[in-house]
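Here's the structure we're looking at; comments come further down.
The values are calculated or read from the model by the stated rules, or taken from the named source; none is laboratory data. Remember, it's a predicted structure, so these values are computed and weren't measured experimentally. Every residue, glycine among them, receives a Cβ derived from its backbone with ideal geometry; neighbour counts consider all protein chains shown. In case anyone asks, the SASA skips ligands and DNA or RNA and just uses the protein heavy atoms, side chains included. Shrake-Rupley method; radii C 1.70, N 1.55, O 1.52, S 1.80 Å.
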Amino acid sequence: MKEIEIKSVLQVYDSFDELPEDIQRLMQQSIAIRDKAYAPYSEFLVGAALLLENGEVVLGNNQENACYPSGLCAERTAIYYAGANFPEVPIVTMALSAKSLKYQLLTPTPPCGACRQAIAEYEVKQNMPIAIYFMGETGKVVKSSSLSNILPLIFDNSYL
């Protein structure tokens, strides 16, 4: 038997104000679209702002449905829109913000497993990492320079 050790390196900013100005602007867009999410069941709002290589910003928020699991997370809403409308343009950066209407969310909230898999697909497709910044309603912001830091053993097309 052999053991393998997997190490993830993330950067943690103590506050929104510590972010570079361009990331602050992207995160502000994530926050604005988050507050327009349709989440009447969970009351958990998520916004995603994707910066594409051509400078275009694509936005998405979570969309729930009474018939679970017919809704869609903010990250996949945005990433699939980018894939449909800008299929050859790489995604450079993602800014994600989450907010609960039930309590104050101070913990940086990473993408769910399904969204991580979708992001992995695009990193593989574009052969380029996507920087992911994520936060709660306020407080610390975490940066992962690639999806591989938060989903190190991805399932991709090489297995098919």
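A few notes on this one:
- Test: residue in segment 32-41 that is part of a loop (DSSP other than H, G, I, E, B) and closer than 20 Å to Ile130 by Cβ: no
- Test: residue in segment 148-156 that is open to solvent by 40 Å² or more (accessible area, probe 1.4 Å) and small (Gly, Ala, Ser): yes
- Looking at Leu26, Leu45, just one residue is closer than 21 Å to Ser145 by Cβ, hydrophobic (A, V, I, L, M, F, W, C) and at pLDDT 95 or above, and that residue is Leu26.
- Looking across segment 54-87, just one residue is of a type in the set (A, V, I, L, M, F, W, C), surrounded by fewer than 15 Cβ atoms within 10 Å (Cβ to Cβ) and at pLDDT 95 or above, and that is Ala84.
- Residue ID - farthest from Pro129 (Cα to Cα), chosen from residues in segment 54-87 that are among the polar types (S, T, N, Q) and outside any strand (DSSP E or B): Asn65
- Taking segment 121-147 as the range and being open to solvent by 30 Å² or more (accessible area, probe 1.4 Å), within 24 Å of Asp17 (Cβ to Cβ) and of a type in the set (Ser, Thr, Tyr) as the test, the residues that pass are Thr138, Ser145.
- Of the residues making up segment 99-125, those that are over 16 Å from Ser15 (Cβ atoms) and of a type in the set (A, V, I, L, M, F, W, C) are Leu101, Cys112, Ala114, Cys115, Ala118, Ile119, Ala120, Val124.
- Matching residues in segment 11-27 - criterion: being more than 15 Å from Gly139 (Cβ to Cβ) and surrounded by 14 or more Cβ atoms within 10 Å (Cβ to Cβ): Ile23, Arg25, Leu26
- Scanning segment 88-107 for residues that are open to solvent by less than 50 Å² (accessible area, probe 1.4 Å), farther than 19 Å from Glu43 by Cβ and part of a loop (DSSP other than H, G, I, E, B) returns Val89, Pro90.
- Index of the failed condition, Leu50 passing every other in (1) modelled with pLDDT under 95; (2) touching a helix residue (DSSP H, G or I) at 6+ places or on another chain (Cβ under 7 Å): (1)
- Filter pass, Leu19 being closer than 21 Å to Ser145 by Cβ and of a type in the set (A, V, I, L, M, F, W, C): yes
- Residue satisfying condition, being of a type outside the set (A, V, I, L, M) and in contact (Cβ under 8 Å) with a residue 60 or more places away in the chain, within set Thr77, Thr138: Thr138
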